[in-house]
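Chemist: Below you will find the structure I want to go over with you.
A short reminder: the numbers here are calculations on the coordinates, not readings from a lab. All values derive from a computational prediction rather than experimental measurement. All Cβ positions, even for glycine, are placed from backbone atoms using ideal geometry, and neighbour counts span all protein chains on display.
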Amino acid sequence: MDVLNDETYMKLALDMAESAKGQTGINPVVGCVVVSGGRVVGLGAHLKRGEGHAEVHALAMAGEQAKGATVYVTLEPCSHYGRTPPCCERIIEAKASRVVVASLDPNPLVAGRGVARLREEGIEVEVGLLGEASQRMNEAFNKFITTGMPFVTMKTAMTLDGKIAAKTGDSRYVSGPQSRAFVHTLRHQNMAIMIGVQTALTDDPELTTRLSVPALHPVRIVVDSKLRLSAQARMVQDGLSPVIVLTVEGSDPVRKAELAAHGVEVIDCGAGEKVDLRAALKILGEREIASILLEGGGLLNGAMLESGLLDKVILFVAPKLIGGASSPEAFAFGGFDKMSEAIEMTDMTTERIGSDICISGYPKYV
Ligand code: AOF
Ligand code: ZN
């Protein structure tokens, strides 16, 4: 049984923010709860880029009752004129007397100015309540707004012996139904999904989001230096969301034109033999793709890891042993000579999902 306190309301604000994950584009998810005279008088979340911020919705619901109220907000109220006016001015205008903030806004246009402005007006401000949860929730936004680079989450399902398919290539399915539903939730929550061309050729995947409720489809990105993707591929034909092919300068102009004629955007990333992955992510960032779910295969996973471009790894480990020296592995790369050189993961979590174990963490590049 929870005791009613500040945390109760901040948790509610975080839950509302969480439910909007995936639908705010490059914007963060934010929730806000207004409490006055012992009652919740306003609730709000930021639902779509370009539309009202969380505080604006919650304060509109609270109306006159916002006077003297406490405002719980998961992210520092903004202080800048963006697509919408500054939330700190809206809070000041509403005459709230206390503001509880989970975490500061890393956007260089805000970064503490929102809190400073509220304090300047004599409003009591506390920062940090459930701050870690708020920061995790917006980990993609936090990276994108400070670096312009998308946040990359790699997910893979593997057997207990680290294989992502049998030696024949068969991979349907490694993990169980609950894990697979979770992956579709991750697709909904990420702006784009990325795979290597070999996976596209082997599986002809749709890369859409299929859940028991309607959800958002990510942009589909294929890393394909030699332009081997077929224009007949299901993802090219279905028209459900854009397809981007990352290739290199000098790849076959005829194939380029053919893919383009089918609505595929083909982007050159470097002049080398292989796609310059870092340059590719920079270009995708410039196109306002702030989060990418990397879904393999092993070679692309390995290359992304080696290049230090994976921000987060989510592994669904199924209670199976498939064996086979040639069975593909989750991370295929040259490897290191010594255990002391291994890439370490930080902030690991484990969770049981059906009969699988979900392990997630953040690779630490030194
Ligand atoms: C808040 N509350 O609910 C959100 C905030 O283009 P705009 O006007 O929507 O501004 C986007 C920026 O505002 C975004 O980068 C982040 O710094 C902040 N988002 N701030 O006070 C909200 N979504
Ligand atoms: Zn705002």
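Chemist: Would you list Thr346, Thr247, Thr147, Thr70 from fewest to most Cβ contacts within 10 Å?
Modeler: On the way: Thr346 8, Thr247 27, Thr147 12, Thr70 18.
The most exposed by this proxy come first: Thr346, Thr147, Thr70, Thr247.
Chemist: Give the order of Glu121, Glu76 when sorted by the count of other beta carbons within 10 angstrom, beginning with the fewest. All intermediate terms of the calculation are to be shown ahead of the outcome.
Modeler: Values: Glu121 14, Glu76 28.
Least crowded to most crowded, the residues run Glu121, Glu76.
Chemist: Lys48: which lysines have alpha carbons under 19 Å from its alpha carbon, excluding same-chain residues fewer than 8 sequence positions away?
Modeler: Cross-link targets: Lys21.
Chemist: Residue by residue through the stretch 103-112, what is 3J(HN,Hα) from phi via Karplus (6.51 cos²θ - 1.76 cosθ + 1.60, θ = phi - 60°)? Round to whole Hz and write x for glycine and proline.
Modeler: So the Karplus estimates, Gly and Pro as x, are 9, 5, 7, x, 3, x, 6, 10, 6, x Hz.
Chemist: While we're looking at this one, here's another question. In straight Cα distance, which aspartates and glutamates are under 16 Å from Lys67, not counting same-chain residues fewer than 8 positions off?
Modeler: Cross-link targets: Glu55, Glu89, Glu93, Glu121, Glu124.
Chemist: Name the long-range amide H neighbours of Glu329: under 5 Å, sequence gap of 5 or more, or other chain; modelled H, no Pro or chain starts.
Modeler: Ile164
Chemist: What is the set of long-range amide H partners of Val127 at a cut-off below 5 Å, with H atoms built 1.01 Å from backbone N?
Modeler: Those lying under 5 Å, H to H, from Val127 are Val101.
Chemist: I'd like the Karplus ³J(HN,Hα) series for the stretch 85-98: coefficients 6.51, -1.76, 1.60, θ = phi - 60°, whole numbers in Hz, and an x wherever there's a Gly or Pro.
Modeler: Rounded to whole hertz, the list is x, x, 5, 5, 5, 5, 5, 5, 4, 6, 6, 5, 9, 9.
Chemist: Mind checking the dipole of the stretch 137-199: about its Cα centre, +1 per Lys or Arg Cβ, -1 per Asp or Glu Cβ, Debye to the nearest 20?
Modeler: On the way: 7 positive and 3 negative charges, 23 e Å.
Here the size comes out at about 120 debye.
Chemist: Show which lysines lie in cross-link reach of Lys163 when reach means a straight Cα distance below 20 angstrom and same-chain residues fewer than eight apart are skipped.
Modeler: Correct list for Lys163: Lys155, Lys312, Lys320.
Chemist: How much FRET efficiency would the formula 1/(1 + (r/R0)^6) give for Thr8 and Glu93, where r is the Cβ-Cβ distance and R0 is 35 Å, rounded to 0.05? Let's see the in-between values first.
Modeler: Working: r = 27 Å, r/R0 = 0.76.
E between Thr8 and Glu93, to the nearest 0.05, is 0.85.
Chemist: Taking θ as phi - 60°, what are the ³J(HN,Hα) couplings along the stretch 73-84 by the Karplus curve (6.51, -1.76, 1.60), each to the nearest whole Hz, with x for Gly and Pro?
Modeler: 9, 6, 10, 3, x, 6, 10, 10, 8, x, 6, 9
Chemist: Could you work out how far the C-alpha centroid of the stretch 249-297 sits from that of the stretch 42-62, in angstrom?
Modeler: The two parts, judged by their Cα centres, are 36 Å apart.
Chemist: Sticking with the crude label model, points 7 Å out along Cα→Cβ, report the distance from Lys282 to Asp204 in nm, one decimal please.
Modeler: Using points 7 Å along Cα→Cβ, the separation is 3.8 nm.
Chemist: Peptides 252-261, 199-208, 285-294: what's the order by average Cβ count within 10 Å, highest mean first?
Modeler: Values: 252-261: 13.8, 199-208: 18.4, 285-294: 20.9.
Answer by packing, highest mean first, reads 285-294, 199-208, 252-261.
Chemist: Amide H neighbours of Gly42 under 5 Å, at least 5 residues apart or on other chains, H built in the peptide plane: list them.
Modeler: Correct list: Val34.
Chemist: Rounded to the nearest 20 Debye, what is the dipole magnitude of the chain about its Cα centre when Lys and Arg each give +1 and Asp and Glu each give -1 at the C-beta? Write down the numbers at each step before the final one.
Modeler: Details: 37 positive and 44 negative charges, 98 e Å.
So the magnitude is around 480 debye.
Chemist: Helix 6-19 versus the longest principal axis of the chain: what is the Cα-based angle in degrees, 0 to 90, to the nearest 10?
Modeler: Helix 6-19 sits roughly 40 degrees off the main axis of the chain.
Chemist: Counting other beta carbons within 10 Å of each Cβ, put Ser360, Ser340 in order, fewest first. Write out the running numbers ahead of the final one.
Modeler: Details: Ser360 18, Ser340 6.
Lowest to highest Cβ neighbour count: Ser340, Ser360.
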